[in-house]
Amino acid sequence: MNHQRKEKQKINQRGFSFVELIVVIVVLGLLVGVVGPRVWSWLARGQDVSVKAQISQLEAAIMTYATDMGHFPASEDGLRALIENTEGSEFWAGPYLSRDQVPLDPWNNDYVYVYPGIHGSEFDLFSKGKDGIEGTEDDITNW
């Protein structure tokens with residue numbers, strides 16, 4: 001009889017009960033429900049900050065290009081003019097970016113460059129944002 005009781009205790013001690021598993025799942029669900037949205041908003045804010053920093057770096061490179069060349073890159077050449085001498089000019093002193101490629105925004109889209117600018121600046125530079133559509137409220141611009 002004593003042997004059977006020890007055998008039952010061993011069986012009962014092997015794993016979690018169904019109730020314990022349900023409690024753990026509920027607690028994890030609550031954590032994801034409360035913490036998840038905050039983490040998601042922090043990530044989205046981080047992408048916006050990253051775009052603003054990249055736009056500032058690109059603006060500085062464009063200004064350096066303009067100082068060397070005497071004019072801003074043409075819209076047709078776009079930001080490519082910062083990494084290659086699209087005009088074949090002897091005044092070009094690039095590449096003007098630290099890498100030999102124009103960065104993409106955090107959503108893997110090209111930055112849009114327009115010269116002359118139509119929003120009150122010498123040139124317009126912006127990201128189309130997460131939705132990838134120009135002219136929507138999630139665009140991040142230099143104006």
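Give region 103-118 a look and list any residue that's part of a loop (DSSP other than H, G, I, E, B), free of Cβ contacts under 8 Å to residues at least 40 places away in the same chain and either under 23 Å from Arg45 (Cα atoms) or touching a Ser or Thr at 6+ places or on another chain (Cβ under 7 Å) (or both), or say none.
Leu104, Asn108, Asn109, Asp110
Could you list, in sequence order, the residues of region 119-133 that are assigned to a loop (DSSP other than H, G, I, E, B) and out of contact with any helix residue (DSSP H, G or I) (no Cβ under 9 Å at 6 or more places or on another chain)? Full working, then the answer.
Step one: of region 119-133, the residues assigned to a loop (DSSP other than H, G, I, E, B) are 119-123, 128-133.
Hits for region 119-133 are His119, Gly120, Ser121, Lys128, Asp131, Gly132, Ile133.
Residues Tyr96, Tyr115: which one is within 12 Å of Leu58 (Cα to Cα), out of contact with any Gly (no Cβ under 6 Å at 6 or more places or on another chain) and surrounded by 17 or more Cβ atoms within 10 Å (Cβ to Cβ)?
Exactly one residue qualifies, and that residue is Tyr96.
Output the residue which, of all residues in region 79-102 that are touching a Ser or Thr at 6+ places or on another chain (Cβ under 9 Å) and not charged (D, E, K, R), is nearest to Gly132 (Cα to Cα).
Leu82
Does Asp100 satisfy being within 26 Å of His71 (Cα to Cα), at pLDDT below 95 and over 13 Å from the mean Cα position of the chain (by Cα)? Before you say what the answer is, go through the steps one by one.
Numbers: within 26 Å of His71 (Cα to Cα): yes; at pLDDT below 95: yes; over 13 Å from the mean Cα position of the chain (by Cα): yes.
In short, yes.
Kindly check whether there is at least one residue in region 71-91 that is assigned to a helix (DSSP H, G or I), farther than 21 Å from Trp143 by Cβ and out of contact with any Leu (no Cβ under 7 Å at 6 or more places or on another chain). Steps first, please.
So in region 71-91, the residues assigned to a helix (DSSP H, G or I) come out as 78-82.
After this cut, where a residue has to be farther than 21 Å from Trp143 by Cβ as well, the list is 80.
Restricting the remaining residues to those that are out of contact with any Leu (no Cβ under 7 Å at 6 or more places or on another chain) gives 80.
Yes: region 71-91 contains one or more residues that are assigned to a helix (DSSP H, G or I), farther than 21 Å from Trp143 by Cβ and out of contact with any Leu (no Cβ under 7 Å at 6 or more places or on another chain).
The values are calculated or read from the model by the stated rules, or taken from the named source; none is laboratory data. Here the structure is a predicted model, which is why all the values come from computation and not from measurement. Reconstructed Cβ throughout: ideal geometry from the backbone, glycine too, with neighbour counts over all protein chains shown.
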